[in-house]
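Written out below as structure tokens is the structure these notes cover.
The values are calculated or read from the model by the stated rules, or taken from the named source; none is laboratory data. This structure is a prediction, so every number in the text was calculated from the model and none was measured. FYI the Cβ positions are ideal-geometry reconstructions off the backbone, even for glycines, and counts take in every protein chain you see. To get the accessible areas, we keep the full protein, side chains included, count just its heavy atoms, and leave off ligands, DNA and RNA. Shrake-Rupley method; radii C 1.70, N 1.55, O 1.52, S 1.80 Å.
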Amino acid sequence: QVHVVESGGGLVQPGGSLRLSCSFFGSSFSMYVVAWYRQAPGKQRELVADIATGGSTNYAGSVKGRSTISRDNAKNTVYLQMNNLKPEDTAVYYCNAVRFPVNAWGQGTQVTVSS
């Protein structure tokens, strides 16, 4: 059974950086598309970035240029490096791993950007 676990969230000042990790538990990790989503209080969950099996990436406009998603198939892990964080980046960040018919979500990790 596939599951994913997020880590790396926390409290950071505006302009700071964080690296989130998504650890994958299961088999055939390299065949999964993995994405990071976020949900701020009172708002809908939104896509932050995703990475395909071949390594191609996609970013939301709000984080493009400030964030980098990457994967290490040897470690079954996807990372989201976020720089120049802004208060509007405050949200719970979720990892999602998809390979039909599996669609696995983690419990989320809180990111708070505040001075």
(request) Pull up region 60-84, narrow it to residues that are over 19 Å from Val113 (Cβ atoms) and among the hydrophobic types (A, V, I, L, M, F, W, C), then point me to the one that is least open to solvent (accessible area, probe 1.4 Å). (result) Val78
(message) If I filter region 1-32 down to residues being among the β-branched types (Val, Ile, Thr) and open to solvent by 30 Å² or more (accessible area, probe 1.4 Å), which single residue comes out as modelled with the highest pLDDT?
(response) Val5
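If you take the residues of region 44-59 that are free of Cβ contacts under 8 Å to residues at least 12 places away in the same chain and assigned to a loop (DSSP other than H, G, I, E, B), which of them is surrounded by the most Cβ atoms within 10 Å (Cβ to Cβ)? Write out each step before concluding.
Residues of region 44-59 free of Cβ contacts under 8 Å to residues at least 12 places away in the same chain: 44, 54, 56, 58-59.
If we keep only those that are assigned to a loop (DSSP other than H, G, I, E, B) as well, we get 44, 54, 56.
Working: Gln44: 7, Gly54: 7, Ser56: 9.
My answer is Ser56.
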(message) Please go through region 85-99 and give me each residue that is of a type in the set (A, V, I, L, M, F, W, C), under 20 Å from Val2 (Cα atoms) and buried (at least 19 other Cβ atoms within 10 Å of the Cβ), ordered by number.
(response) Cys95, Ala97
(request) Out of Ser27, Ser115, report the one residue that is part of a loop (DSSP other than H, G, I, E, B), touching a helix residue (DSSP H, G or I) at 6+ places or on another chain (Cβ under 9 Å) and not aliphatic (A, V, I, L, M). (result) Ser115
